[in-house]
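Please treat every number below as a calculation from the coordinates, not as lab data. Everything numeric in this text was worked out from a predicted model, so none of it was measured. Here the Cβ is made from the backbone with ideal geometry for all residues, glycine too, and neighbour counts use every protein chain on show.
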Amino acid sequence: MYVDKAGMIDRYGETKLVQLTDRATPRTGGIVDAVLDKALADAAAAIHGYARSAGYAVPFSPTPDMVDGWQACIALYLLYRDEAPKKVKEDYDTALAQLKDLAAGRITLQAAGVEAPAPVEGAAVLFDAPPRIMTGHGLKGF
C-alpha cells in the first residue's frame, strides 16, 4: 500500500476516520483497521488496474508522486459509501480521471528523487507510411 493508517490520519484526521470506519454496534470509539485496510486495498487495486493497462507496474519505493493522493482520495470515497460529500466526490472523480489519463498514455508516473529521462536534443521523430491516396490534387473538382 502507498498510504497507510498514519497517512490517512494526517490527511483527513482521526475523528473523520473513526466516524467512517467504526460501523459496529456498539461502537468501538476508534478507527477500525479492517475497514480502513479494505478501502485502501480496493483503492490500490483500482490504481494497479489502470496502471497495468498503461504498461506500468507501480513501484512501492520510491512511490510515484501522484499515487499516494489517488489512493487516499479513492479510499476516502469508498469509506463514505453512498453518502460522500461533494468535495470527496470531486476528489474521487479527479483521481479516476487522472488514472484514465495514465491508462491512455496522456500522463506518466514520476517518483520524487528519480529523474525523468531527458529528451534527446536534435532527435527527430521518424515514421514510415505509404503515399497518400487522397490529395488535394486528386480530389480537385469534387
Taking Cα pairs closer than 8 Å and at least 6 residues apart, the relative contact order of the range 5-104 in percent is 27 percent
The distance between the Cα centres of the range 17-54 and the range 1-15, in whole Å, is 11 Å
Computed over the range 5-104, the Cα gyration tensor eigenvalues, each multiplied by 5 and square-rooted, give semi-axes in Å (largest first) of 26, 14, 11
Rounded to one decimal in nm, the spacing of the 7 Å Cα→Cβ label points at D42 and D101 is 2.6 nm
For K38, the lysines lying under 29 Å Cα to Cα, once residues fewer than eight places off in the same chain are dropped, come out as K5, K16, K86, K87, K89, K100
Mean Cβ-within-10 Å packing, highest first, puts peptides 21-33, 87-99 in the order 87-99, 21-33
